[in-house]
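The values are calculated or read from the model by the stated rules, or taken from the named source; none is laboratory data. Everything numeric here is computed off the predicted structure, so don't read it as measured data. Every residue, glycine among them, receives a Cβ derived from its backbone with ideal geometry; neighbour counts consider all protein chains shown.
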Amino acid sequence: MAGLPHIRKIESTDLPAVTQLLEQLGYTISAQELAKRYETVAEDRTHAVWVAVSDDKIVGFLHAFGRPALEKPPEVVIQAMVVDHTMRKGGIGARLVEQSERWAKTQGYTSIALSSHVDRADAHAFYERLGFKTVATSRLFRKIL
């Protein structure tokens, strides 16, 4: 039986496991590119990344950052969260979100937000169980430079 997962800050040695977790959601990224992105995030004190560890294996992660804004209240945004597909519905995601909420409060924020793809009904139900409410729908636009 797996040990009770614990949450800790990410370390660079966790990146191979994070790469695999991202692939479970369809995000393919090279080890080099992830390392480059991690370095940028790790140097920015307005960002935080945690991993969930069970029996010395990374089984989930969450990346959050503080977002100042003019048109809405400043808040923490959950940029990415993935729990290993074999470990879902076991409380790991909730523990990661709770960690991000504690961090948000220590940073002086009073709300936390996230986006979830329209096709991820299970994820939507999970977030609603944690008290998140749908407050807007939008489209993501991107222009490659």
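Here is how the numbers come out for the structure above:
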quantity	calculated
Selected residue (only one of 97, 53, 76, 49 is free of Cβ contacts under 8 Å to residues at least 60 places away in the same chain, under 14 Å from the mean Cα position of the chain (by Cα) and over 23 Å from residue 133 (Cβ atoms))	49
Only listed residue being at pLDDT 90 or above and farther than 22 Å from residue 38 by Cβ, chosen from 138, 100, 111, 116	111
